Amino acid sequence: MYDLCDLRRLILDLRCFEDSLKKQTDLSLNEALCLCQTGKGNLDPSGLAHELEISPSRLSRILDSLETKGLLTRSIADADRRTICIDLTTTGQQMVETLHCVDISIPHHLEEAIKTLHKTGEK
């Protein structure tokens with residue numbers, strides 16, 4: 001059994017990390033994760049929502065924001081006009097590169113949780 005205060009500390013640390021991310025990149029954590037995942041390959045919105053484990057409506061709002069910022073485009077697929085393609089712009093590709101080397105310290109409790117996750121994944 002876990003103490004809810006421990007969970008609260010993780011949430012606060014995650015907010016602190018997201019605030020630092022936003023100051024450096026002008027992106028929310030979900031926007032950054034969406035860009036990084038899109039940079040791994042052109043996914044359709046439903047595949048991207050599934051990969052990020054967010055609702056399609058939430059993803060739509062994130063994509064709207066990223067498109068407004070000029071970081072990605074959405075277009076109708078040539079092969080199947082029912083399918084939407086998501087592509088990074090040149091600026092979006094540069095942002096993904098920036099995100100891979102952004103220097104943001106991870107708050108202590110969050111860092112410990114990540115280490116625990118990595119240890120669990122090694123078994």
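See the values below:
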| read-out | value |
| --- | --- |
| Helices (runs of 4 or more DSSP H) enclosed by the range 1-65 - at least 3 residues per element that are more than 19 Å from Cys85 (Cβ to Cβ) | 4-25, 29-39 |
| Which listed residue, of Thr91, Thr98, is more than 20 Å from Asp19 (Cβ to Cβ) and of a type in the set (Ser, Thr, Tyr) | Thr91 |
| Condition met for His118 (assigned to a helix (DSSP H, G or I), within 23 Å of Asp6 (Cβ to Cβ) and without any contact (Cβ under 8 Å) to a residue 24 or more places away in the chain) | yes |
| Test: residue in the range 67-74 that is surrounded by 16 or more Cβ atoms within 10 Å (Cβ to Cβ) and closer than 22 Å to Glu111 by Cα | no |
| Residue in the range 111-119 that is β-branched (Val, Ile, Thr), out of contact with any helix residue (DSSP H, G or I) (no Cβ under 6 Å at 6 or more places or on another chain) and surrounded by 10 or more Cβ atoms within 10 Å (Cβ to Cβ) present | yes |
| Answer residue from the range 84-99, given it is part of a helix (DSSP H, G or I) and without any contact (Cβ under 8 Å) to a residue 40 or more places away in the chain and is surrounded by the fewest Cβ atoms within 10 Å (Cβ to Cβ) among those | Thr90 |
| Matching entry among Asp26, Asp44, Asp6 (being in contact with a strand residue (DSSP E or B) (Cβ under 9 Å, 6 or more places away or on another chain) and of a type outside the set (Phe, Trp, Tyr)) | Asp44 |
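Every number here is computed from the coordinates shown, using simple stated rules; none is lab data. Just so we're clear, the structure is a prediction, and the values are computed from it rather than from any experiment. For neighbour counting, all protein chains shown are included, and Cβ atoms are generated from backbone atoms with ideal geometry for every residue, glycine included.
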